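Student: Next up is a structure, given as C-alpha cells.
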Amino acid sequence: MGGNAQVKAEERRNYRRVSDAVALHIEVVDSEAANDASLELAELPDHPTHVVSLSPSGLKCYHSQPFNDGDRVRLSMVLFPDKARIDVEANVVNSGELPRGGKNDRFFAGMAFQKVTDETRNTLLEHIDAVARQSFGGAVKLVYKN
C-alpha cells in the first residue's frame with residue numbers, strides 16, 4: 001500500500017460510522033461535468049429513502065443500480081430529523097452485487113467524499129454524534145482524532 005493510500009485509510013479509521021436512514025440521490029457524472037457548477041441540485045423527498053453506513057469521510061449504501069469502482073458521483077442527501085441537506089462529490093471506492101440482495105438493494109457501493117467543506121464536515125460530525133447518542137441512550141461521547 002502506497003504512503004498516500006495508507007494515510008487515507010488511517011484517516012477513515014479515525015471516524016466512527018453510524019447506520020442511518022437518509023433521503024439520498026446519487027448521480028454518476030463524468031469529470032468535465034463534475035467541475036460544472038451550473039448543474040442543478042436534485043430534489044429530495046422529505047422522508048428517508050436509503051439506509052446507509054455514514055461517516056464524515058464517506059458512506060456505504062445499497063442501491064437498485066450497480067456502480068463501478070472509480071465512478072465519480074454527485075451525492076445529495078437529507079439527514080433526519082433536522083433535515084440538513086448535504087451535497088458533495090464522491091468517488092466509488094468499492095462496489096459489488098449481493099448474492100441474495102432484494103430488488104431495491106441488490107448492489108452496494110462504498111463512496112469516499114471529495115473536497116468536503118468544513119461546514120459540511122461539521123454538519124456530518126454533529127449528525128453522527130446525535131445518531132450515536134440516540135442509539136446508546138445518550139451515554140456516549142464520540143472523540144475524533146485530528
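Student: Rounded to the nearest 0.05, what FRET efficiency do Leu41 and Gln65 give with R0 = 22 Å and r taken as the Cβ-Cβ distance? Could you check?
Tutor: 0.65
Student: Rg(Cα) of the range 37-135 divided by 2.2 N^0.38 Å?
Tutor: 1.09
Taken together, the values in this text are just the output of simple stated rules run on the coordinates, not laboratory data. As the structure is a prediction and not an experimental result, all values here were calculated from the model. Glycine gets a Cβ as well: all are built from the backbone with ideal geometry, and neighbour counts include every protein chain shown.
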